[in-house]
1. Taking the criterion of being touching a Gly at 6+ places or on another chain (Cβ under 6 Å) and surrounded by 22 or more Cβ atoms within 10 Å (Cβ to Cβ), would at least one residue in region 571-592 satisfy it?
2. So how many residues does region 165-198 have that are within 14 Å of ligand 2 (Cβ to nearest atom) and buried (at least 23 other Cβ atoms within 10 Å of the Cβ)?
3. Only one residue in Ala104, Ala76 is in contact (Cβ under 8 Å) with a residue 12 or more places away in the chain, assigned to a helix (DSSP H, G or I) and aliphatic (A, V, I, L, M), so which one is that?
4. Quickly run through region 137-162 and pick out the residues that are within 16 Å of the chain's Cα centre (by Cα) and either away from ligand 2 (no atom under 16 Å from the Cβ) or part of a helix (DSSP H, G or I) (or both).
5. Considering region 124-136 alone, what residues qualify as being away from ligand 2 (no atom under 16 Å from the Cβ), more than 16 Å from Leu508 (Cα to Cα) and touching a helix residue (DSSP H, G or I) at 6+ places or on another chain (Cβ under 8 Å)?
6. Any chance you could count how many residues in region 33-54 are away from ligand 1 (no atom under 11 Å from the Cβ), in contact with a Leu (Cβ under 8 Å, 6 or more places away or on another chain) and assigned to a helix (DSSP H, G or I)?
7. With the condition being within 16 Å of ligand 1 (Cβ to nearest atom) and farther than 30 Å from Asp456 by Cβ, I'd like the helices (runs of 4 or more DSSP H) fully within region 167-273 carrying at least 1 qualifying residues.
8. Is it true that some residue in region 3-19 is surrounded by fewer than 22 Cβ atoms within 10 Å (Cβ to Cβ), farther than 27 Å from Pro325 by Cα and touching a Lys or Arg at 6+ places or on another chain (Cβ under 7 Å)?
Amino acid sequence: MLKPVTTDIDALKILDDRLKWLSAWTIHHANHIRDNDDGLKVGGHQASCASMTAIMAALYFHALGENDRVAVKPHAGPVLHAIHYLLGSQSLDKLENFRGFGGAQSYPSRTKDKIPVDFSTGSVGLGVAITLFASLVQDYLTAHGWLDDKDRGRFVALIGDAELDEGNIYEAIIEGAKHDVRNLWWIIDYNRQSLDATSADRMFERFDEIFKSCGWRVVELRYGRKLKAALDANPKLKSWFETLSNADLSVLHYQGGAAWRARIQAELGKSAAPFLKAHDDEALASLFTDLGGHCMETLVETFEAADDDVPTLFIAWTIKGHGLPFAGHKDNHAGLMNPTQMTAWREAMGVREGQEWEPLESVGDNARSGVEALLERTRIRRDKRGRDFGSVEIPNLPAPAGEEQSTQAAFGRILLELSKAGGALADRIVTTSPDVTVSTNLGAWVNQRGLFRRNDTPDVFAKAKIPSAQKWGATNQGQHIELGIAESNLFLMLAAAGLSGDLWHQRLFPIGTLYDPFIARGLDSLNYACYQDARFLLVATPSGITLGPEGGAHQSINPPLIALGQPGLRHYEPAYADELAAMMQEAFRLIDDPNGESTYLRLSTRSITQVERGGGSWREGALAGGYWLRAPGDQAEAAIVAMGAVMPEALAAWEELKEDLPGLGLLAVTSPDLLHRGWTAAQAARWKGERKPSHIEQLLSGLSPSAGLVTIADAAPASLSWLGGVLGQRVAPLGVEKFGQTGNLADLYAAYRLDGSAITEGVAELLLGQ
Ligand SMILES: Cc1ncc(C[n+]2csc(CCOP(=O)(O)OP(=O)(O)O)c2C)c(N)n1
Ligand SMILES: [Mg+2]
């Protein structure tokens with residue numbers, strides 16, 4: 001890491017003021033000046049921004065190196081835009097259109113913002129934790145020889161104090177401790193206010209212990225220089241100050257100098273008289289707002305002192321809305337200065353009317369050259385990186401041989417074969433799992449490629465010569481990152497590894513495995529990973545009531561519906577091993593493709609008889625979302641539509657019914673998600689005059705318009721029942737609507753109506769009801 005350049009404190013203070021002005025003005029402009037046709041509240045967080053401008057000035061214009069990456073507290077987004085505006089990398093029109101269509105986004109967005117955003121934020125807590133996993137990925141890349149020391153950086157999270165209530169932060173630091181993570185700076189904007197009110201006092205006394213026990217250094221920036229000197233000279237005043245509650249402090253900050261005086265007089269009496277005499281009200285207000293997070297000298301000194309790779313938590317005391325009329329008010333989270341307040345504040349800030357957007361407005365001639373020089377020296381990236389990090393050749397993935405196979409077993413075998421064959425793709429795959437490596441069938445891959453740890457850890461069982469199918473020693477060349485059981489961490493790990501191309505220009509192919517029902521446990525983190533266009537392959541197995549004896553707590557029902565509504569994630573649900581091989585190959589291609597996406601494979605432990613293929617045409621259909629496993633007759637009146645593990649029941653029913661219902665088709669759906677997307681995209685295209693039917697329209701158009709469809713999946717029936725809406729055909733939907741339970745397949749399929757007789761009944765109902 002580069003040593004910080006010599007700083008110019010005065011210039012940094014000016015930049016702090018500039019950030020405070022520009023962020024508040026950007027929000028004001030969007031709310032009070034720009035036309036508002038629909039009357040919707042625009043919003044923005046002037047107080048949350050003002051709380052952090054000094055911290056961000058000290059960081060961006062001084063402490064950060066060019067490889068350092070930052071997750072900015074969501075509601076300080078306008079400060080980040082202001083920083084880039086000062087650096088020339090954000091344009092005026094984006095700021096004028098803040099929170100408008102095509103304008104700067106409310107919360108920093110990697111994909112939607114013009115400026116380089118290292119990590120998107122918005123859902124509090126997740127932006128914090130992803131920095132930890134990014135640091136782990138950086139160590140992984142270094143250990144594998146793909147990242148030079150000169151390209152390494154530090155990962156910084158700017159955190160609202162109330163964010164610390166999010167449990168995912170603690171899950172992350174526990175995992176981080178196991179992996180000995182480093183190069184992390186987490187900076188808490190400790191303004192002691194959340195959204196609703198002031199935050200509870202008691203917990204903050206504990207946070208440092210929690211972090212310390214996870215191996216972190218904790219540095220508190222409580223006082224600015226002035227305030228520290230004053231309190232050191234008045235020990236009584238100091239102990240009084242330190243007993244003030246969060247709410248008391250906020251009230252006093254809001255009320256200002258006269259209130260401080262009255263309170264001190266009342267509570268410290270005569271002993272405080274000399275101190276009070278020496279300070280008028282204005283001086284008192286200014287003194288007590290000199291908290292560590294607003295004092296440039298303190299910030300710069302503290303950041304410079306932490307010049308090693310120890311993960312560090314900085315607790316920077318601040319005032320929410322510092323310098324604004326509603327500083328400290330408990331209701332100020334979404335508070336906006338009204339036009340009168342803004343005018344007064346503009347004048348106080350030395351900004352001339354009409355010059356509000358001038359980047360260095362109010363900077364005096366003497367100071368200007370110093371400020372400009374500092375901006376020039378700033379080392380952070382000003383431009384977005386392109387996705388030009390080369391591509392990795394994706395080899396053909398053959399389907400594993402075997403008449404009877406489950407998709408879960410086939411997944412393990414495909415990876416094993418890929419590992420044995422070697423090559424760039426195999427080397428760039430990194431697998432990860434929250435303590436279900438063995439039970440999701442990653443074991444053989446891990447035996448081949450090894451566990452990853454920065455520092456070697458021996459396989460103690462192997463050393464003791466105790467037989468085990470699973471090797472469990474770790475080295476820095478391993479390719480599997482084992483996580484504890486915390487599914488949110490899995491998704492953040494996938495998010496960080498899935499951004500490796502964007503963050504380090506080194507492509508990784510991350511594969512994460514977990515049990516299908518536990519996707520829900522980490523769902524917001526999964527959504528977060530997709531939101532910033534991280535690329536990975538998620539393999540969820542086992543799934544559905546097909547899991548039989550494992551019972552209802554492990555039998556997933558609704559993940560296909562989750563996937564149907566999740567942008568950036570393609571759901572595939574194969575029935576057969578050859579479909580799976582094609583889907584994995586496609587998933588790897590999509591990871592590398594600039595216009596690609598992540599893939600979710602929903603797999604099963606049920607071993608089923610594989611089908612004979614009469615050619616390769618099924619493949620294209622399977623990758624597009626479905627294909628006719630048994631082609632329907634022209635204008636057929638009925639079809640069975642099945643997905644995944646229940647395909648044997650669908651095939652058996654088809655065999656049984658085909659005599660009575662000549663022309664009956666069997667449609668194998670491999671991705672309701674893709675079919676639905678294609679359907680709506682074709683509709684949208686028709687409005688533009690393009691008349692290409694979607695894949696599902698083509699598939700269903702061979703049937704009679706009045707045909708009936710019996711849909712069946714080991715999942716919520718709504719996953720497939722919507723297919724009736726495509727051409728207006730009627731549907732009898734079969735699927736799982738109640739929690740599962742233990743049992744063998746025959747009993748469960750009969751009880752939950754996933755068997756042949758349910759299909760036959762469905763067909764009968766449709767045909768009789770005609
Ligand atoms: C997961 C999630 N829950 C709720 C919110 C709504 N929300 C936005 S900011 C905020 C409080 C933030 O307080 P703090 O982190 O202390 O930030 P400050 O504005 O005080 O700097 C809340 C509850 C959110 N963005 N994300
Ligand atoms: Mg706060």
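Read the figures in this text as sums done on the coordinates, not as results from a lab. Source: prediction; values computed, not measured. Cβ coordinates were reconstructed from backbone atoms using ideal geometry, including for glycine residues, and neighbour counts include every protein chain displayed.
1. Within region 571-592, the first condition is being touching a Gly at 6+ places or on another chain (Cβ under 6 Å), and the residues that meet it are 573, 575, 590.
Now drop any that are not surrounded by 22 or more Cβ atoms within 10 Å (Cβ to Cβ), which leaves 573, 575.
There is at least one residue in region 571-592 that is touching a Gly at 6+ places or on another chain (Cβ under 6 Å) and surrounded by 22 or more Cβ atoms within 10 Å (Cβ to Cβ).
2. Restricting attention to region 165-198, the residues satisfying the condition of being within 14 Å of ligand 2 (Cβ to nearest atom) are 165-166, 187-198.
Still in the list and also buried (at least 23 other Cβ atoms within 10 Å of the Cβ): 187-193.
Here the count works out to 7.
3. Numbers: Ala104 fails: assigned to a helix (DSSP H, G or I).
One residue alone meets the criteria, Ala76.
4. Within region 137-162, the first condition is being within 16 Å of the chain's Cα centre (by Cα), and the residues that meet it are 137, 155-159.
Val137, Phe155, Val156 - these are the residues of region 137-162 that are within 16 Å of the chain's Cα centre (by Cα) and either away from ligand 2 (no atom under 16 Å from the Cβ) or part of a helix (DSSP H, G or I) (or both).
5. If we filter region 124-136 for residues that are away from ligand 2 (no atom under 16 Å from the Cβ), which is where we start, we get 126, 129-136.
Going one step further and asking which of them are more than 16 Å from Leu508 (Cα to Cα), we end up with 126, 129-132.
Selection gives Leu126, Ala129, Ile130, Leu132.
6. Result for region 33-54: 2.
7. Details: elements: 167-178, 204-213, 225-233, 235-243, 246-255, 257-268.
Per the criteria, 167-178, 204-213, 246-255.
8. Within region 3-19, one or more residues are surrounded by fewer than 22 Cβ atoms within 10 Å (Cβ to Cβ), farther than 27 Å from Pro325 by Cα and touching a Lys or Arg at 6+ places or on another chain (Cβ under 7 Å).
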